[in-house]
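Chemist: Can you keep this structure in mind? I'll have questions shortly.
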């Protein structure tokens, strides 16, 4: 059987909260072009990210990578 090579989604963002144990909240901002008015605007989405060693602090720029579901809300981990 052939195995399918899966590419995991990688995003870059800023840590906005590190108050939970082994979890950080990362805000990822992207530019989107409006379909009618052709103006670019920012969309920010927050992701709960698994941080095993509690190593990141608020304001850090981090890369996050998609993983298996760790909890109800956590599907990303800090990229090492």
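Please treat every number below as a calculation from the coordinates, not as lab data. Note that the structure is a prediction, hence the values are computed from the model and not measured. Every residue, glycine as well, gets a Cβ built from its backbone with ideal geometry; the counts of neighbours run over all protein chains shown.
Chemist: Can you find even one residue in the range 13-27 that is farther than 19 Å from residue 73 by Cβ, in contact (Cβ under 8 Å) with a residue 12 or more places away in the chain and exposed (fewer than 13 other Cβ atoms within 10 Å of the Cβ)?
Modeler: no
Chemist: Say we look at the range 52-64 and pick out the residues that are surrounded by 15 or more Cβ atoms within 10 Å (Cβ to Cβ) and closer than 23 Å to residue 6 by Cα; which of these is farthest from the chain's Cα centre (by Cα)?
Modeler: Here the answer is 62.
Chemist: Please count how many residues of the range 28-51 are surrounded by fewer than 10 Cβ atoms within 10 Å (Cβ to Cβ) and closer than 16 Å to residue 18 by Cα.
Modeler: 0
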